[in-house]
Structures are given as C-alpha cells and as structure tokens.
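As structure tokens, the structure follows; a few thoughts come after it.
The values are calculated or read from the model by the stated rules, or taken from the named source; none is laboratory data. Because the structure is a prediction, the values reported are computed rather than measured. Counting neighbours? That spans all protein chains shown, and the Cβs are built from the backbone with ideal geometry, glycine included. Heavy atoms of the whole protein, side chains included, go into the accessibility calculation; ligands, DNA and RNA do not. Shrake-Rupley method; radii C 1.70, N 1.55, O 1.52, S 1.80 Å.
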Amino acid sequence: MPAWRVVGDGLAIAIRVTPRAGRDALGAGTDDHLIARLAAAPVDGQANAALIALVAKAFGLPRRAVTLVAGDTARVKRLHLAGDGAALAQIAAAL
C-alpha cells in the first residue's frame, strides 16, 4: 500500500509510529508510509490515542473523523480520514 490513497469517502494512510519520542511530530517517510513520533508510551492505547489526535490536528479534522483501521499493536498502522479525499491528499503530499 502506498503511504496514502484516496478512497470513496476520504483518505487511507499508512503511518509508522515511534512511541516514547521527545515530542509529537508527523512527517514524510517512505513511499510506503508516513512517520509519526509520539511522546506517549504504547500502553493501554495511549500511543494510538495520541496518533489519532496528532493526525487530526495535522489534517485539520475533528478526532472523530480519524479511524484506526489496522495495526492496533503494530508499528505500521493504517488509518482512515473521513472528508474530501483530494484535499486531504494535498495535505499529505505537503508533509
């Protein structure tokens, strides 16, 4: 799967997560995924919640518009962003 692709009702993205980083940051990665550095620890879903909040803020979406689709306990996670897919793809390309 590429780092992101437009789907019918939004954007599907793949993100490689590094928990326990110094600060939260989202940026370009490889052709296969974006990179997220999270200050939160991967305990009791804290890192997943921090990732959803970070992605929502970066894309200008409410947190309810960001859904974790796969990779609950994996480093590479797939998320679905609800909204205008073309506009969200432009934001992803600018990262």
Sort out which residues of region 9-25 are farther than 20 Å from Gly85 by Cβ and either touching a Pro at 6+ places or on another chain (Cβ under 6 Å) or in a loop (DSSP other than H, G, I, E, B) (or both), and write them in order of number. Pro19, Arg20, Ala21, Gly22, Arg23, Asp24
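If you take the residues of region 60-81 that are among the basic types (Lys, Arg) and in contact (Cβ under 8 Å) with a residue 60 or more places away in the chain, which of them is surrounded by the fewest Cβ atoms within 10 Å (Cβ to Cβ)?
Start the filter on region 60-81 by keeping residues that are among the basic types (Lys, Arg), which leaves 63-64, 75, 77-78.
Checking which are in contact (Cβ under 8 Å) with a residue 60 or more places away in the chain leaves us with 77-78.
Numbers: Lys77: 23, Arg78: 16.
Restricting to residues being among the basic types (Lys, Arg) and in contact (Cβ under 8 Å) with a residue 60 or more places away in the chain, the top hit is Arg78.
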Quick check on Val6: is it open to solvent by less than 50 Å² (accessible area, probe 1.4 Å) and at pLDDT 90 or above? no
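With the requirement that a residue be among the hydrophobic types (A, V, I, L, M, F, W, C), assigned to a strand (DSSP E or B) and open to solvent by 30 Å² or more (accessible area, probe 1.4 Å), what does region 26-41 give you?
The initial filter retains those residues of region 26-41 that are among the hydrophobic types (A, V, I, L, M, F, W, C), namely 26, 28, 34-36, 38-41.
Okay, now just the ones that are also assigned to a strand (DSSP E or B), so 26, 34-36.
Residues satisfying the conditions are Leu26, Ile35.
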Residue among Ile52, Ile13 that is in contact (Cβ under 8 Å) with a residue 24 or more places away in the chain and within 12 Å of Ala92 (Cβ to Cβ): Ile13
For region 70-81, how many residues are within 12 Å of the chain's Cα centre (by Cα), farther than 13 Å from Ile35 by Cβ and of a type in the set (A, V, I, L, M, F, W, C)? 3
What is the residue count in region 16-49 for residues that are touching a residue at least 60 places away in the same chain (Cβ under 8 Å) and under 14 Å from Leu79 (Cβ atoms)? 4
Residue hits (region 42-52; open to solvent by less than 70 Å² (accessible area, probe 1.4 Å) and either modelled with pLDDT under 90 or within 9 Å of the chain's Cα centre (by Cα) (or both)) are Val43, Gly45, Leu51, Ile52
Taking Val55 and the conditions (1) open to solvent by 30 Å² or more (accessible area, probe 1.4 Å); (2) part of a helix (DSSP H, G or I); (3) not small (Gly, Ala, Ser), which numbered condition does it fall short on, given that it satisfies the others? (1)
